[in-house]
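First up is the structure itself, then whatever we jot down about it.
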């Protein structure tokens, strides 16, 4: 037997900034379906996934959470792996970029590029999108915001090292043009060439010195590797690449990767930066990069700010693993975005999984048990209808293969459902219930049921990459071995005389209205659980008469300046415009809640007729109003801020 051909597939490593939503999870399920199919087709598959754990965004989130960056990424990486496992994905290695061996290899890769003259020291001045960990020039921004995610970019100015991207640009263009399948779909390739390569590549900033959470450079104290150089290198560092050239057998067998499966928003990093880095290292480029589309919720990209995040584990609780796998694999087009709603999932479960697939299997197994005690009879009464069903079944595996070779997974699933629909039609045409009424037609009934069971066997084996548990349950019900794709070369592999198992419901039909009630209640409960317990100060039992209240002079004041008070970790000193033409000074003990620069220019509310008092030797003339509450045992304070349209000195009443 010849040695299996190697096939290396990877996903983008998930960024450990937050729990992945169903759009992120789609990628690992898609990769798993491809990996399972390749194994089924006889390939020796290496399937790698994991987490990207460095960068400024991670450091900021860890600081906000009051834990170390390592603790933060440990928590999120654990959650990501839990969800990947929940979705029944068969990755061979789950990698993490905080792995010490990976970090050492990245350091050596950086050194090699530097020694080769591809990296030089300079100063970065420009825009930086922290959520995307991306550098931009002013001209590349869209309406002043990140062109990838649409969020605010920060001014960045720091000492940094740069990679000479232009040195390899022409070579990369030539590679893309001579390898038409390198970037897929075609639209992504055109975007990279026309928007980035042909206008001319700028040198890329590949180190950071304004934060510390990253791979430190050995030759440049205070610098860490740019997170994307670190992250992209995972595809080789964990595969057995050695920067000193002593690559292990695993690397020699599987590199270059057959497929990098990524989201369309990071195609630039994988088809421009990564190939150029590899060229600098003297390594082969991956054979193909596929930038899959996004899964949208009612037409919008999922984001916390829009409040439309949907998570895989929640969907599994509501519909089950294989139903969720089916939906995301079948509803995502090859090149355009897919749309998800709960109503659409219910419809797909009912019409395709419960009716076309589940009902076919249930009816066929039930009739076999009812009419023949579960025994599979030999097919001995051929008919033209039988030949039509056989032809569809025998043609299906080749059609699935063609679609899978093009990464058109949704279309591959459709080809399997063509057979399932034909089998359902075959039941209507042959009317087994009528054949069961006479002993004379019982042999024909046995043939019909054999053909149906055999068609179901074809479908179940072909469905294994997409609905693995469901496929196993079907094969168990019809008592058919999983002979792999090779067993689909001929129609008639079921053993006459064998017994089918007891029937079971694969997918229960859902009452749409009741299911939506359940979903809405589920969402409400989830949202309720997110709300932190908040405690407010108890109301005063003492009444204040109206005249006393009116003596307090509440005024709008504008913050002209705000500075911390020396030798005090609580006080901020405000210089305020109160509308009188003379600056007013107020000291407030809110330093733990606000940075002074955040408050300059804001319009606040102050009581201005309190007697002056000394604080840390300075005079405070009034009091700023704020709201205070306790959340999870921690006191929270929010200054009362009002519209900037209200002029300084305006009286509040």
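Points to keep in mind about this one:
- Enumerated helices (runs of 4 or more DSSP H) restricted to the stretch 1-111, each holding at least 1 residues that are assigned by TED's automatic domain parsing to the domain that holds residue 250 and farther than 29 Å from residue 205 by Cα: 22-40, 69-86
- Verdict on residue 257 being within 22 Å of the chain's Cα centre (by Cα), in a loop (DSSP other than H, G, I, E, B) and at negative phi: yes
- Flag: residue 219 does not match the condition of being under 13 Å from residue 269 (Cα atoms), touching a residue at least 40 places away in the same chain (Cβ under 8 Å) and assigned by TED's automatic domain parsing to the domain that holds residue 17.
- Tally of residues being at pLDDT 90 or above, assigned to a loop (DSSP other than H, G, I, E, B) and surrounded by fewer than 14 Cβ atoms within 10 Å (Cβ to Cβ) across the stretch 598-624: 4
- Just one of the numbered conditions (1) loosely packed, with under 15 Cβ neighbours inside 10 Å; (2) in contact (Cβ under 8 Å) with a residue 12 or more places away in the chain; (3) over 17 Å from the mean Cα position of the chain (by Cα) is not true of residue 336: (3).
- The stretch 572-590, subset in contact (Cβ under 8 Å) with a residue 12 or more places away in the chain and surrounded by fewer than 17 Cβ atoms within 10 Å (Cβ to Cβ), residue farthest from the chain's Cα centre (by Cα): 580
- Any hit, the stretch 277-287, residues being in a helix (DSSP H, G or I), modelled with pLDDT of 95 or more and crowded, with 23+ Cβ neighbours inside 10 Å: yes
- The lone exception for residue 214 - which of (1) within 22 Å of residue 29 (Cα to Cα); (2) in contact with a strand residue (DSSP E or B) (Cβ under 6 Å, 6 or more places away or on another chain); (3) not in a helix (DSSP H, G or I) it fails: (1)
- Within the stretch 182-205, the set of residues being modelled with pLDDT of 95 or more and part of a loop (DSSP other than H, G, I, E, B) comprises 182 only.
- Of all residues in the stretch 404-422, those that are outside the structural domain of residue 287 (by TED's automatic domain parsing) and over 21 Å from residue 448 (Cβ atoms) have Cβ atoms under 9 Å from Cβ atoms of residues that are in a helix (DSSP H, G or I) and at pLDDT below 95, 6 or more apart or on another chain, in 410/331.
The values are calculated or read from the model by the stated rules, or taken from the named source; none is laboratory data. Quick caveat, the model's predicted, so the values are computed rather than measured. So basically every Cβ, Gly included, is an ideal-geometry build from the backbone, and we count neighbours across all protein chains shown.
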